[in-house]
Amino acid sequence: MDIDKELEALFDDPLLNIGKEEESLFDIPHDMRRVIAKRKPDYVAQHKLCENFNEYKPLFVKIHRELKQGLRSLVKITKTATLAEGRFYFVSGQMLLLEKIGELKKSSNFLPDARTRCVYENGTESDILLQTLRKNVVGDGYAVSELREDSMGKFFADSEITTEDKVTGYIYVLSSLSQDPAIREVKHLYKIGFSTNSVEQRIANAENEPTYLMSPVKVIATYKVVNMNSQKFEDLIHQLLKPVQFQVSVFDDKGMEHQPQEWFVVPLPVVDVIIKKMMDGTIVGYSYNPQMECLERRIVKSKSTFDTTGMKVLTLNIKKSYFDEVMSGAKKMEYRELKQTTLNKYTYLDETDGKRYLRRYDALRLFVGYHKDRESALVQVTDITYSKGVVEYHLGMILEKTGEPLERTI
């Protein structure tokens, strides 16, 4: 069998001949071609070798070290967050430095945009657009928090405890002296527990207790605890470090199986920061990131607490630029055009005389845009007037402002 002749005969088959009518099926309409051409970017940012990476490499090493020491943390940012020069970010697990932001211009979605210079820890750099970078960080990344120099300070010195404070016990951190390879070879394995008695007294019989893995232990750190009960502490620590809870079974001297719950795989410096944040109440804003071996700060949104009972409040959407002017006091009036579709929203028909009047409101609830993380404010209305088809809301005091992160981290 001659394969070449068979293929030649196959391709010469008249059935494979395509005429103009058939070819037209593969044509792209002119209007679609214009859309495709319009969407095609003039320039696409590419990664290239960073020639002076040696200047930046120590910075990346330092940031990684400070993350593991708990001096910095990862921060999930919102869609409206602003990225800043000189800050470090993670995208898809890789750290980058936003080294420079070029001249800002309005993009097609009216947001400020510019070419950037980003240096990556793998030794490359890119001139990615600022808005593209922000989208990547929001979708699959983090910001790195500012340095906290006080994170490793001494915890609860005796001089810091007042007569009003009640010492309720001790938090202790232990390492195991077990000779079992399954335990001995685990890096960063610590028991974090609570005791109302002295730690030395508590661990005196460790080699005979399943909670200590039936082995002697070494005291790594102890902390005086004031005004906290053991149950509260255990709930907090177990909730925070559950993803890295050490799963192991040990058997007591009677052959009964036990699964200790207070052993965790986490770097010691991070443990110190976690315990400090438990005592000052800020730990509720954090979670532990096992992959990065560091704390991750959640952005907590403030909620409305202003009592509007008995008040008539009009809800309006407003552009960010106008919202900022209202917050600064520069904008004293909000306008709304009276249309057929909004007639009943801003006015009402009095059945007694058949005339239309402006609806009276005590405050405006202003929202920036429509996304779920939007900023908002409750603003007093001092007067409502009408002029040439426009309703004018005269603004007074800012009664409340919500929707922003409690901590500005970027």
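The values are calculated or read from the model by the stated rules, or taken from the named source; none is laboratory data. On a predicted model such as this, the values are computed, not experimentally measured, just so you know. Here the Cβ is made from the backbone with ideal geometry for all residues, glycine too, and neighbour counts use every protein chain on show. Heavy atoms of the whole protein, side chains included, go into the accessibility calculation; ligands, DNA and RNA do not. Shrake-Rupley method; radii C 1.70, N 1.55, O 1.52, S 1.80 Å.
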Among all residue pairs at least 6 apart or on different chains, which show Cβ distances below 6 Å where the first residue, located in the stretch 248-266, is over 30 Å from Ser287 (Cβ atoms) and the second is acidic (Asp, Glu)?
Phe251/Glu257
I need every pair where a residue in the stretch 275-287 that is small (Gly, Ala, Ser) has its Cβ under 7 Å from the Cβ of a residue that is outside any strand (DSSP E or B), sequence separation at least 6 or different chains.
Gly285/Arg298; Gly285/Val300; Ser287/Leu240; Ser287/Arg298
Residues satisfying the stated conditions in the stretch 291-308, i.e. open to solvent by 100 Å² or more (accessible area, probe 1.4 Å) and farther than 30 Å from Arg65 by Cα
Lys303, Thr305, Asp307
Taking the stretch 309-351 and the residues there that are among the hydrophobic types (A, V, I, L, M, F, W, C) and not in a strand (DSSP E or B), the one that is surrounded by the fewest Cβ atoms within 10 Å (Cβ to Cβ) would be Ala330
If you take the residues in the stretch 111-127 that are open to solvent by less than 30 Å² (accessible area, probe 1.4 Å), out of contact with any Phe, Trp or Tyr (no Cβ under 9 Å at 6 or more places or on another chain) and within 14 Å of Glu85 (Cβ to Cβ), which one is modelled with the highest pLDDT?
Thr116
Tally the residues that are in a strand (DSSP E or B), modelled with pLDDT under 90, out of contact with any Phe, Trp or Tyr (no Cβ under 9 Å at 6 or more places or on another chain) and open to solvent by less than 60 Å² (accessible area, probe 1.4 Å), restricting the search to the stretch 388-410.
1
So, in the stretch 49-63, of the ones that are in contact (Cβ under 8 Å) with a residue 24 or more places away in the chain and open to solvent by less than 60 Å² (accessible area, probe 1.4 Å), which residue ends up nearest to Ile283 (Cα to Cα)?
Ile63
Looking at the stretch 249-264, which of its residues are within 15 Å of Ser175 (Cα to Cα) and surrounded by 17 or more Cβ atoms within 10 Å (Cβ to Cβ)?
Pro260, Glu262, Trp263, Phe264
Which of the strands (runs of 3 or more DSSP E) contained wholly in the stretch 51-145 include at least 3 residues that are of a type in the set (Phe, Trp, Tyr) and under 23 Å from the mean Cα position of the chain (by Cα)?
88-91
Condition met for Val225 (open to solvent by less than 20 Å² (accessible area, probe 1.4 Å), out of contact with any Asp or Glu (no Cβ under 8 Å at 6 or more places or on another chain) and of a type in the set (A, V, I, L, M)):
yes
How about the stretch 143-152: which of its residues are at pLDDT 90 or above and of a type in the set (Ser, Thr, Tyr)?
none
Selection count, the stretch 175-198, where residues are over 37 Å from the mean Cα position of the chain (by Cα) and assigned to a helix (DSSP H, G or I):
1
Pairs needed: first member in the stretch 197-221, buried (at least 16 other Cβ atoms within 10 Å of the Cβ); second member anywhere, part of a helix (DSSP H, G or I) and of a type in the set (A, V, I, L, M, F, W, C); C-beta distance under 8 Å; at least 6 residues apart or different chains.
Tyr212/Ala206; Leu213/Ile183; Ser215/Ile183; Ser215/Ala206; Val217/Ala206; Ala221/Leu268; Ala221/Val271
